[in-house]
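Taking it in order: structure first as structure tokens, then the write-up.
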Amino acid sequence: DTGCITIDHGFLNTGSCASAITFLDGELGILRYRGYPIEQLAEKSTFIEVAYLLNWGNLPTQAELASFEKKVASYSKLPEYITRMIELFPKTAHPMAIASSVTVALSAHYPELNNPNPTKEQKDEIFALLLGQFKIITAAIQRVTTGQPLVASNPALSYTEDFMSMMGMKASKDVAKALDVLLILHADHEQNCSTSTVRVVGSSNASVFASISAGIDALWGPLHGGANQEVLEMLEEISNAGGDYKKALERAKDKNDTFKLMGFGHRVYKNFDPRAKIIKKACDTVLAQLGVKDPYLDIAKGLEQTALADDYFKSRNLYPNVDFYSGIIYRALGIPTNMFTVMFALGRMPGWLAQWKEMRETKETKISRPRQVYTGATTREYTDLGKR
Ligand code: SDX
């Protein structure tokens, strides 16, 4: 039992994961981090405070938060070879390939932190280090792949404001708050595909850097975190074809067409994704603050409205998920579409790390070893080549 996958009376019982971090109710559209409703955290908290909450289980005091922020900010420079790796990738490389590669490469710089049973101090170090370094990695990938000079971290700024400054964005307070909310909304989501991957890889006593890198790879998939990039490409295709989103809906309903309405549907939420509601509201605010009028937003709203009234989508409980509107905000901030999933990984980093730590601290953690229902040939005798 890795705490996630158990064999019950000989049957493979996946997903029965014991975890105290995030609670979802798919029918009621409830999402809580350590018991706190996502709506309250999005309104009142900050990403760095939510990261603390996910990892240590309680909201920090002023002093705890200040010391944690300082520690994360202290990881304000990448090892030289990591920056060089980012620079040496072909410009055509997908940013998620770069992100995953350099994350596992960090294991070479912190050999003592590859220990599968780290001390409390080492666990605290790992958490602050990967939060701090992945912020720098994300900004460095964006700057290098768009041919712009790197911007040094400014530890005097908040986590999100420093990130925006390193990305070369003008960080007005309102826009920084909107981006901070986006990061909060992505921070954890119980046993989704990439988090389960982090736990499964970590259960073999592999390095935490390898486990997180594997999580980044799983998130890259278009059915998972990669959907936020696919949504924008879908909206672009609809816009370029004249903006008639009804055709996209017909394609999504056509069994002979593999096209899916990206950003719609969810394994767990069968009513609505509470995060999508918050992001949709933030879209209007951010675009107004930036003075941006994005035709893609109108297409997205039309798609949503029409789909929610359509029997095909209603009968299958298909609603917008976290990826449906997030890309509109990233685009308004000038973030290139192929960086959207790296933004998802930046937000999900605290959740992956908190879940990895919980799995490592689960006393009966065993290596993840799912079984199968065998459907192949029964026993057969070998036939010599000459007789076949
Ligand atoms: C994330 O798990 C998490 O928590 C993930 C996540 C997180 O925070 O970590 O929330 C982040 O990954 C969100 C999901 C992003 N992916 C997409 O937006 C891709 C588009 N969505 C679909 O691929 C799909 O909805 C999934 C993968 C998200 C969910 O797949 P399910 O639950 O396995 O749905 P299903 O395949 O059982 O679908 C049931 C029916 C099928 O039709 P029938 O065979 O019954 O006729 O609904 C149809 C599907 O064809 N369907 C869709 C659809 N999603 C499901 N039809 C058209 N468009 C879609 N998007």
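The values are calculated or read from the model by the stated rules, or taken from the named source; none is laboratory data. What you see is a predicted model; the values in this text were computed from it and never measured. All Cβ positions, glycine included, derive from the backbone under ideal geometry; neighbour counts span all protein chains shown. Areas reflect the complete protein model, heavy atoms only, side chains present, ligands, DNA and RNA absent. Shrake-Rupley method; radii C 1.70, N 1.55, O 1.52, S 1.80 Å.
Things to note:
- For segment 116-134, residues that are open to solvent by 10 Å² or more (accessible area, probe 1.4 Å) and touching a residue at least 60 places away in the same chain (Cβ under 8 Å) total 4.
- Total residues in segment 273-311, condition touching a residue at least 60 places away in the same chain (Cβ under 8 Å) and not in a helix (DSSP H, G or I): 2
- The sole residue among GLN289, GLN305 that is more than 23 Å from the chain's Cα centre (by Cα), on the phi < 0 side of the Ramachandran plot and modelled with pLDDT of 95 or more is GLN305.
- Verdict on LYS314 being without any contact (Cβ under 8 Å) to a residue 40 or more places away in the chain, assigned to a helix (DSSP H, G or I) and under 30 Å from ILE216 (Cα atoms): no
- Extreme residue, farthest from the ligand (Cβ to nearest atom), among residues of segment 297-331 that are among the polar types (S, T, N, Q) and open to solvent by 30 Å² or more (accessible area, probe 1.4 Å): GLN305
- Residue count, segment 163-180 (criterion: open to solvent by 20 Å² or more (accessible area, probe 1.4 Å) and not polar (S, T, N, Q)): 7
- Residue within segment 351-362 that is part of a loop (DSSP other than H, G, I, E, B) and either surrounded by 24 or more Cβ atoms within 10 Å (Cβ to Cβ) or hydroxyl-bearing (Ser, Thr, Tyr) (or both) present: yes
- Conditions (1) modelled with pLDDT of 95 or more; (2) aliphatic (A, V, I, L, M); (3) surrounded by fewer than 19 Cβ atoms within 10 Å (Cβ to Cβ); number of the one not met by ILE279: (3)
- Only one of SER67, SER107, SER74, SER101 that is open to solvent by 50 Å² or more (accessible area, probe 1.4 Å) and under 24 Å from the mean Cα position of the chain (by Cα): SER74
- Residue check for ARG84: modelled with pLDDT of 95 or more and under 22 Å from the mean Cα position of the chain (by Cα): no
- VAL373 of a type outside the set (S, T, N, Q) and in a helix (DSSP H, G or I): no
- For segment 165-187, taking the residues that are without any contact (Cβ under 8 Å) to a residue 60 or more places away in the chain, in contact with a helix residue (DSSP H, G or I) (Cβ under 6 Å, 6 or more places away or on another chain) and in a helix (DSSP H, G or I), the one that is farthest from LYS281 (Cα to Cα) is identified as MET166.
- Residue check, THR375 among the polar types (S, T, N, Q) and at pLDDT 95 or above: yes
- Out of ILE279, ILE329, ILE238, sole residue that is among the β-branched types (Val, Ile, Thr) and more than 29 Å from LYS135 (Cα to Cα): ILE238
- When GLU361 is tested against the conditions (1) under 21 Å from ARG34 (Cβ atoms); (2) under 17 Å from the mean Cα position of the chain (by Cα), the lone failure is (2).
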